Amino acid sequence: MRGGSRGTVATVWLGGRRAVLLVLGLLVAAGALSTVSRIGDWRGSWKMALDTGAGATVFIGPVAAGVACLVYARLRSSAMSEVLLQSRRDRLCWAQPLLAIWALSLLALVVVTLATTTIASLSGVPAYPGSLWIVPCAGGVLAAQAAIGAALGYASGRPWTAPLAVVVVFLLFLWTVVGPLPELFDTGGATANLAGQRFVPVPWLAVGVAGLLLALLVVALAHRRLFLATPARRVLVALVAVGWLGTALLVDADARYALLAEPRWSCAGVRPQVCVLEENPRPLHDLADRVDRQATALEEIGVAIPGRFVESLDDPPPGSGVVLLLDQQGRRTVSDDLATGALTRPASCPADVGAAPGYLVDDARHLLGRWLQVRAGLREPAPDDADRAWLSGDPAVSAAWVRTTYPQLTDCALAQIRMPDGLG
């Protein structure tokens, strides 16, 4: 086959330009489907949006595998399969449709990732384009997924195996995430907020390289007559297999993220000041207002509160209270409970991150939080609440308990905490 027909091998077997655009549309739609359900989370963090976009391989890959299976089943059942063997560049010609499908899936991955990160940027969060290198790492996995589909299609020669290829590749993803296999097909989509963290290169590169090497292995085994015909080729494929095994050992999804040594914060409010990680600015002002409203009750009874409440994944700065944003980093407005949770953690105590604190500590924080909300007019005790009499009774009694308990929480003197009579 001469130079002018090389593009024909890929385009014709995909079905022409319209079919190529249709395939690209399906791949983009699959990627969008994998990301849109969690938009409320990732739009509040650019890194999480990037990670979610890179994780779109979970659906893009199976669709690419299905398309590759269909194309190579048609190729196997046609006379063109033998014609390709007569070409001086037979291996490249045979692989051209697969390379085209991989290129389309890569383009879809880029489109989806650009969409998620753009939405995050338009939502007012800062961008970190220096982390975009994780996208080509995810692209290596797409190569493996498409190659598996191509191998299934060429082995069977039956177009109806395309849905089977979709299922098989998706199951491979599940088995590597929740099963005993290395997490070779997991390319992102973290469910936890990634603010205050960075992407670690080695585990990400290991995923990408392992995907590329696996694709080469699968292709070689799919058409041994082409790729294993000579001793030199067999040695080369053996080296690829060894490289893949070595790279697969470096794949560790838990090691792909690491805490920043010196995270940066954005702050609002005066007394107390509320600071969230620079990457999570959306809820800041609403959270600061809610904290200020509830902190007034403490100030009115003379309780000293920290000057700052800081969102932190590790230990906050000394003398700071703790903000636990949890799953609310993507919102413009947050709940009053979030502000309450911050005020009831005036310090990061070792017992909070190590051995669980005594049940009295949790009970005390809960009661303190209810007292804050009642004093701020945010809650009215229900008739059947066990603490209704205490919350609605003599303000001097409840204030005395708060004045005693809050310093104990601030000083991490958790063993000294006592509940009011009848509530402990």
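Readers should treat all values here as calculations from the given coordinates under stated rules, not as data from a laboratory. A quick note: this is a predicted structure, and the numbers were derived from the prediction, not measured. FYI the Cβ positions are ideal-geometry reconstructions off the backbone, even for glycines, and counts take in every protein chain you see.
For GLU183, which sequence-distant residues (separation of 5 or more, or a different chain) have an amide H within less than 5 Å of its own amide H, given hydrogens modelled in the peptide plane?
Correct list: ALA253.
With θ set to phi - 60°, apply the Karplus curve 6.51 cos²θ - 1.76 cosθ + 1.60 along segment 28-41 and write out the HN-Hα couplings as whole Hz, x wherever there is a Gly or Pro.
Each residue of segment 28-41 in turn: 5, 4, 4, x, 5, 4, 6, 10, 5, 5, 10, 4, x, 8 Hz.
Evaluate the relative contact order of the chain (contact order divided by residue number), counting alpha-carbon pairs under 8 angstrom at least 6 apart; express in whole percent.
Once normalised by length, the contact order is 15 percent.
I need the peptides 110-119, 157-166 ranked by packing, meaning the mean over residues of other C-beta atoms within 10 angstrom, with the highest value on top.
110-119, 157-166
For segment 187-258, state the average projected area of the convex hull of the C-alpha atoms over all orientations, rounded to one decimal in nm².
5.4
Give me PHE185, PHE227 ranked fewest to most by other Cβ atoms within 10 Å of their Cβ, as a rough exposure proxy.
Starting with the residue having the fewest Cβ neighbours, the order is PHE227, PHE185.
Go through segment 233-242 residue by residue and turn each phi into a ³J(HN,Hα) via Karplus (6.51, -1.76, 1.60, θ = phi - 60°); whole Hz please, and just put x for glycine and proline.
Result, ordered by residue: 5, 5, 5, 4, 5, 4, 5, 4, 5, 5 Hz.
Near the amide H of TRP265, under 5 Å away, which other amide H atoms are found, from residues 5 or more places off or on another chain, if H is placed in the peptide plane?
Long-range HN contacts for TRP265: GLU278.
Taking the Cα centre as origin and putting +1 on Lys and Arg beta-carbons and -1 on Asp and Glu beta-carbons, what dipole magnitude results for the chain, to the nearest 20 debye? Provide the component values of the computation, followed by the final result.
Details: 35 positive and 32 negative charges, 614 e Å.
Charge dipole of the chain: 2960 debye, to the nearest 20.
What list of ³J(HN,Hα) values in whole Hz, one per residue of segment 182-187 in order, does the Karplus curve 6.51 cos²θ - 1.76 cosθ + 1.60 (θ = phi - 60°) give from phi, with Gly and Pro shown as x?
x, 7, 6, 10, 8, 10
Below 8 Å between Cα atoms, with a sequence gap of 6+, how large is the relative contact order for segment 265-416 in percent?
22
From zero outward in steps of 10 Å, how is the percent of C-alpha pairs of the chain spread across the bins?
Histogramming the chain at 10 Å steps yields 5, 19, 22, 17, 13, 11, 8, 4, 1, 0 percent.
For the chain, give the share of DSSP beta bridges that are antiparallel, in percent and rounded to the nearest 5; count only bridges with both residues there.
50
Which residues' amide hydrogens lie under 5 Å from the amide hydrogen of SER320, considering only partners 5 or more residues apart or on another chain, with H built in the peptide plane?
Excluding prolines and chain starts, which carry no amide H, there are no hits.
Mean separation of Cα pairs under 8 Å and 6+ residues apart, divided by the residue count of segment 199-274: what relative contact order is that in percent?
44
Do the sum for the chain: with -39,500 (n - 2.57) for every DSSP H run of n ≥ 4, divided by all residues, what is the mean residue ellipticity at 222 nm, to the nearest 500 deg cm²/dmol?
When only DSSP H runs of four or more count, the value is -19000 deg cm²/dmol.
Considering the options PRO350, PRO306, LEU277, tell which one lies farthest towards the positive end of the dipole of segment 265-416, charges being +1 on Lys and Arg and -1 on Asp and Glu at the Cβ, about the Cα centre.
Checking the options against the dipole of segment 265-416, the answer is PRO306.
When the Cα centres of segment 250-298 and segment 390-424 are compared, how far apart do they sit, in Å?
Using only Cα atoms to place each centre, the spacing works out to 27 Å.
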